[in-house]
Amino acid sequence: MAVRDEENDMTTAETVIADADLVGAKVRSKAGSRPLDNDFKTIGEVRVNDPRMSCTDVNVFYGDKHAIKHVDLDIAQNQVIAMIGPSGCGKSTFLRCLNRMNDTIDICNVTGEIRLDEVDIYDRKLDVVPLRAQVGMVFQKPNPFPKSIYENIAYGPRIHGLAASRAELDEVVERSLAKAGLWEEVKDRLDQPGTGLSGGQQQRLCIARTIAVDPEVILMDEPCSALDPIATAKVEELIDELRENYTIAIVTHSMQQAARVSQRTAYFHLGHLVEVGDTTQIFTNPRHKLTEDYITGRFG
Amino acid sequence: MALLTLMAFAFYLGRRRSLTVVGGRSGVKNLHSLPAYYGFYTALWAGLPALLVAGLWLSFEGSIITTLVVDGLPAEMRDTDPGRLGLLVNDIKNLASGNIVSAHVDETMQRAADHLNELRSVGRMALGVVVLSIALAAGALAWRAIGPKMRARNRVEFIVNGLLIASSLIAILTTVGIVLSVLFESFRFFHKIPLTDFLFGLEWSPQIALRADQVGASGAFGAVPLFAGTLLVSFIALLVAVPIGLMSAIYLADYAGPKLRSYAKPVLEVLAGVPTVVYGFFAALTLAPAIRNLGESVGLVVSSESALAAGLVMGVMIIPFVSSLSDDVINAVPQSLRDASYALGATRSETIRRVVLPAALPGIMGGVLLAASRAIGETMIVVMAAGLSANLTANPLESVTTVTVQIVTLLVGDQEFDSAKTLAAFALGLLLFVVTLGLNIVALHIVRKYREQYE
Ligand SMILES: Nc1ncnc2c1ncn2[C@@H]1O[C@H](COP(=O)(O)OP(=O)(O)OP(=O)(O)O)[C@@H](O)[C@H]1O
Ligand SMILES: [Mg+2]
């Protein structure tokens, strides 16, 4: 019932907000009123030269609901890619496909191909456990374990057996906290509960926890939405530093944040990947009407 | 019955009047409260005072009538001692209601009985009249008072509030009353037997106290063996219930699909609904002999009533307490913590072992303590399966006895009410109460703490 209503609403919204740019040849024609249809082709270059991850024709269904529609996208090495779009367009869903977190949702079904360094991560034979160690995830709300700061960081390395001795573990903990810019603030109270930190510190703790298992790709789903501007600035700074060693995909609702931290931006709309391109290009010269409307604040 | 009709009628009238005074439906917004509240207001006024009077009347009617009847008796019959008089009155009452009487029926008695009947019917009539007229009068007063300014809603809520308070007071006062009575009887017991003997005595043999020359023989009322027995049985029960309950809770919360869960959980909870007597004879008739045979086949001496049998069955009984509460707290562990763990590449069992269980542990502890207090207070199973002999032993194959069993045996049968033996039951009850109350408080405290943590 509720789902159906929502769908109807969206269709109407779509119809109203015109799309006239299916082929991508004619830029910014304001005429026409067709919704994006199934063989819509993304505008901009979805492929890159040295992809870390590469998605081809990815579809996601929640039961009957088609949440991600035929998305092709590469995620480049040592780059930050920002995913933006109106609420409910499928950003989180797409992000969760990249480390198979959608497996934890019973009704969720993913088709298509997603490769991480040439390995198909939806291959039946693939074990998700090492995959998730390679593709880490930071969530919207800071969610430290109700354990000490030290144990929060040590959790991952422990379960993956990354540290042979206590000394090594100590080192991993220190290194991860240092990379997340938290070491100076917490080094004297590693045995205190992680839940006792401030929101911004908690989020950096979660990032440190993700770094501790030494992933190749880090997925972040609105990592700053629960933080104040100062904490946000710190996390953004951190993302910029992490780019040197990691590949990062970040979902955000803040245009400024996307513009500040990312090199590439992908705009999603109702399950479609509408446009993707260099962040500067997307924000200064969007090619699709929907993208333009969104980033200029006329919609979403 | 008549009163209910009257109240319904009053509701209708009150509602209608509220509408009339403001000039029909369109004037409703001029009323202070919704029309229905005026209806309730009138109905409550019609009902409550009348009910109150009826209640008082009925509780005093009996004694007043008896006094009247006694006054009506000839003087020489009245001047006997109270006991005989009581008997006589009883006879008269029996006669009046047409039952068999013990004494010979003579003229005066017959007359007294008739008198009684007469009084009773008059009483009934009067009651009816009084109650109905009170209802009518009060209802009419309330009805007249209705006007647009009257704050009927507030008054109705006030009365309802009062009713609710009264009900909860009854529950609380009953509890307090029970505790006080147990407390007083226990004091009387501790007059006869010193508290220290009771708490620290190692021997329990209340039978000795029955013999006249040894009343209050010291050392016979040591509660230690009983508590040891209780603890042994409860411990065995927890040994069964905690692992099984916890694991089934984990399975239900994290592994089972929603469909299986919706069937399995109620089924598991049925265990809690089985009457304990049924568990009791299962333990006594099926399990205990089986254990004994098993024990003998490997050369162990097992008494036919063993702590083991009682403990095992009691464990089964309290499984649902553990599993249901644990399931709740495990479910209350936020999904975000599980996601965080999965996102780090942890498997499901690692996540449960290292994240979910530690986070849920306080809540689980609370559940276990509640189950323990349930086990300690359990009576029927141990009465039937654990035996009566107060052995101070840690061997689960011997028969032991528990506090509850002893209370039952002390009070079963005809006893003098003030012998140390019967009073001991109250002392045991008090001690048991204190222990389980303590456990409950601690458990609830832990559970509450735990809830706060995730709010
Ligand atoms: N667990 C789920 N079960 C069913 N439908 C879901 C589920 N999660 C998401 N959806 C649906 O899939 C669509 C995409 O949701 P998603 O969470 O990916 O949106 P989003 O772009 O992240 O939105 P937001 O910006 O509000 O976080 C929505 O229409 C949503 O209703
Ligand atoms: Mg989202």
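The values are calculated or read from the model by the stated rules, or taken from the named source; none is laboratory data. Because the structure is a prediction, the values reported are computed rather than measured. Every residue, glycine among them, receives a Cβ derived from its backbone with ideal geometry; neighbour counts consider all protein chains shown.
Here are some notes:
- Given (1) away from chain B (no Cβ under 11 Å); (2) within 23 Å of A:Pro146 (Cβ to Cβ), index of the condition A:Asp221 fails: (1)
- Matching residues in segment B:336-353 - criterion: being polar (S, T, N, Q) and either more than 7 Å from chain A (Cβ to nearest Cβ) or closer than 14 Å to A:Pro146 by Cα (or both): B:Ser336, B:Ser341, B:Ser349, B:Thr351
- Inside segment A:60-80, residues that are part of a strand (DSSP E or B) and either in contact with a Pro (Cβ under 9 Å, 6 or more places away or on another chain) or more than 16 Å from ligand 2 (Cβ to nearest atom) (or both) make up a count of 10.
- Residue check, B:Val313 touching a residue at least 40 places away in the same chain (Cβ under 8 Å), more than 25 Å from B:Tyr450 (Cα to Cα) and in contact with a Phe, Trp or Tyr (Cβ under 7 Å, 6 or more places away or on another chain): yes
- Only one entry of B:Ala360, B:Ala332, B:Ala371 meets the criterion of being of a type in the set (A, V, I, L, M, F, W, C), within 11 Å of chain A (Cβ to nearest Cβ), under 35 Å from the mean Cα position of the chain (by Cα) and more than 19 Å from A:Val138 (Cα to Cα), and that entry is B:Ala360.
- Which numbered condition A:Ser198 misses (of (1) under 24 Å from A:Leu73 (Cα atoms); (2) away from ligand 1 (no atom under 16 Å from the Cβ)): (1)
- Scope segment A:68-121; condition among the hydrophobic types (A, V, I, L, M, F, W, C) and out of contact with any helix residue (DSSP H, G or I) (no Cβ under 7 Å at 6 or more places or on another chain); matching residues: A:Leu73, A:Ile75, A:Ala76, A:Ile81, A:Cys89, A:Phe94, A:Leu95, A:Cys97, A:Leu98, A:Ile105, A:Ile107, A:Val119
- Residue ID - nearest to A:Phe139 (Cα to Cα), chosen from residues in segment A:81-99 that are among the small types (Gly, Ala, Ser) and within 9 Å of ligand 2 (Cβ to nearest atom): A:Ser92
- Restricting attention to segment A:122-150 and to residues that are of a type outside the set (Val, Ile, Thr) and farther than 30 Å from A:Ala231 by Cα, the residue that is nearest to ligand 1 (Cβ to nearest atom) turns out to be A:Tyr122.
- Selection count where residues are touching a His at 6+ places or on another chain (Cβ under 7 Å) and within 16 Å of ligand 2 (Cβ to nearest atom), scope segment A:193-249: 2
- Output for segment A:253-279, where each listed residue is surrounded by 24 or more Cβ atoms within 10 Å (Cβ to Cβ), within 22 Å of A:Ile230 (Cα to Cα) and within 15 Å of ligand 2 (Cβ to nearest atom): A:Ala258
- Taking segment A:100-117 as the range and being touching a Ser or Thr at 6+ places or on another chain (Cβ under 9 Å) and within 16 Å of ligand 2 (Cβ to nearest atom) as the test, the residues that pass are A:Asn102, A:Cys108.
- Hits in segment A:176-202 - residues which are farther than 24 Å from B:Ser336 by Cβ and within 24 Å of the chain's Cα centre (by Cα): A:Ala178
- Apart from one condition, A:Val129 fits all of (1) at the interface with chain B (Cβ under 8 Å from one of its Cβ atoms); (2) in a loop (DSSP other than H, G, I, E, B); (3) among the aliphatic types (A, V, I, L, M); the exception is (2).
- Of all residues making up segment A:88-105, the number that are within 6 Å of ligand 1 (Cβ to nearest atom) and either surrounded by fewer than 21 Cβ atoms within 10 Å (Cβ to Cβ) or assigned to a helix (DSSP H, G or I) (or both): 5
- Leading residue by the ranking (farthest from ligand 1 (Cβ to nearest atom)) among those in segment A:106-121 that are part of a loop (DSSP other than H, G, I, E, B) and either in contact (Cβ under 8 Å) with a residue 40 or more places away in the chain or under 19 Å from A:Thr247 (Cβ atoms) (or both): A:Glu118
- Here B:Val356 does not qualify as under 30 Å from B:Val301 (Cβ atoms), assigned by TED's automatic domain parsing to the domain that holds B:Leu431 and part of a helix (DSSP H, G or I).
- Residue-level check: of (1) within 23 Å of A:Lys234 (Cβ to Cβ); (2) without any contact (Cβ under 8 Å) to a residue 60 or more places away in the chain; (3) more than 14 Å from chain B (Cβ to nearest Cβ), A:Lys179 misses just (2).
- The one condition from (1) under 24 Å from A:Cys97 (Cα atoms); (2) within 16 Å of ligand 1 (Cβ to nearest atom); (3) not charged (D, E, K, R) that A:Ala208 does not meet is (2).
- Some residue of segment A:149-163 being more than 11 Å from chain B (Cβ to nearest Cβ), over 20 Å from the mean Cα position of the chain (by Cα) and modelled with pLDDT of 90 or more: yes
- Boolean, B:Ser297 is among the hydroxyl-bearing types (Ser, Thr, Tyr) and touching an Asp or Glu at 6+ places or on another chain (Cβ under 7 Å): no
- Consider segment A:41-86 and keep the residues that are acidic (Asp, Glu) and either surrounded by fewer than 18 Cβ atoms within 10 Å (Cβ to Cβ) or within 14 Å of chain B (Cβ to nearest Cβ) (or both). The one that is nearest to ligand 1 (Cβ to nearest atom) is A:Asp64.
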